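K.L.:
This structure is in structure tokens; I'll ask about it shortly.
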């Protein structure tokens, strides 16, 4: 299927060496984190390497620079812990993987973690729960930036059934640490990204909803 966006995808690595996944799939970086261009969307994935990234001070410094330069910073799964550890999301709402919730929220003691959200947007930061929630977060961004009709058509092209309510993660109840929290407001409707913010944006003045965690 052709890519119907005027976009360039850049795979950023610590070095130019290929990275082998647990499934033995090799991923070849396009550029190192030191030499990466300014990115409109800086995406932080999660996985088993999350803690190693956070422990790498030099790498984190480069990541923080890329976060600051980006127009949007998106995370999926435990990638939220990288953003949280950078301190850039202090005082903001975020969510992360429900399986490892208690472990990874410790990297962001000043973050306002939302237990039951499928994804959360706060300013230029958009975080999602585990794995497939990142797809729903992506469709949220597509819908906001390109319109809901296009998002629906795109979902039909790839035969994907979306979770369109950011406030409800159907997998949260599987884990005791998330059962005691009522459903909160995950997305911020008044902060919908209808247009690209400027580079190095200041914090949005949009009032934030109250969450009960």
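K.L.:
Look through the stretch 11-26, keep the residues that are part of a loop (DSSP other than H, G, I, E, B) and over 22 Å from residue 158 (Cβ atoms), and return whichever of them is modelled with the lowest pLDDT.
P.N.:
Top of the filtered list is 22.
K.L.:
When you go through (1) surrounded by fewer than 15 Cβ atoms within 10 Å (Cβ to Cβ); (2) at pLDDT 85 or above; (3) in a loop (DSSP other than H, G, I, E, B); (4) in contact with a helix residue (DSSP H, G or I) (Cβ under 9 Å, 6 or more places away or on another chain) one by one for residue 173, which number turns out not to apply?
P.N.:
(3)
K.L.:
Out of 29, 37, which single residue is assigned to a loop (DSSP other than H, G, I, E, B), surrounded by 10 or more Cβ atoms within 10 Å (Cβ to Cβ) and in contact with a strand residue (DSSP E or B) (Cβ under 6 Å, 6 or more places away or on another chain)? If you could, list the steps in order and put the result at the bottom.
P.N.:
Numbers: 37 fails: in contact with a strand residue (DSSP E or B) (Cβ under 6 Å, 6 or more places away or on another chain).
Exactly one residue qualifies, and that residue is 29.
K.L.:
Test each condition in (1) surrounded by 15 or more Cβ atoms within 10 Å (Cβ to Cβ); (2) at pLDDT 95 or above; (3) within 30 Å of residue 147 (Cβ to Cβ) for residue 97 and report the one that comes out false.
P.N.:
If we test residue 97 against (1) surrounded by 15 or more Cβ atoms within 10 Å (Cβ to Cβ); (2) at pLDDT 95 or above; (3) within 30 Å of residue 147 (Cβ to Cβ), just (2) comes out false.
K.L.:
Looking for whichever is buried (at least 22 other Cβ atoms within 10 Å of the Cβ) and more than 17 Å from residue 119 (Cα to Cα) here; the options are 85, 80. Which one fits? Full working, then the answer.
P.N.:
Values: 80 fails: more than 17 Å from residue 119 (Cα to Cα).
Answer to the selection: 85.
K.L.:
Being farther than 25 Å from residue 90 by Cβ and in contact (Cβ under 8 Å) with a residue 12 or more places away in the chain is the filter here, so list the residues in the stretch 114-137 that pass it.
P.N.:
Step one: of the stretch 114-137, the residues farther than 25 Å from residue 90 by Cβ are 131-132, 135-136.
If the condition is that a residue be farther than 25 Å from residue 90 by Cβ and in contact (Cβ under 8 Å) with a residue 12 or more places away in the chain, then 131, 135, 136 are the ones that fit.
The values are calculated or read from the model by the stated rules, or taken from the named source; none is laboratory data. Since the model is a prediction, treat every value here as computed from it, not as a measurement. Here the Cβ is made from the backbone with ideal geometry for all residues, glycine too, and neighbour counts use every protein chain on show.
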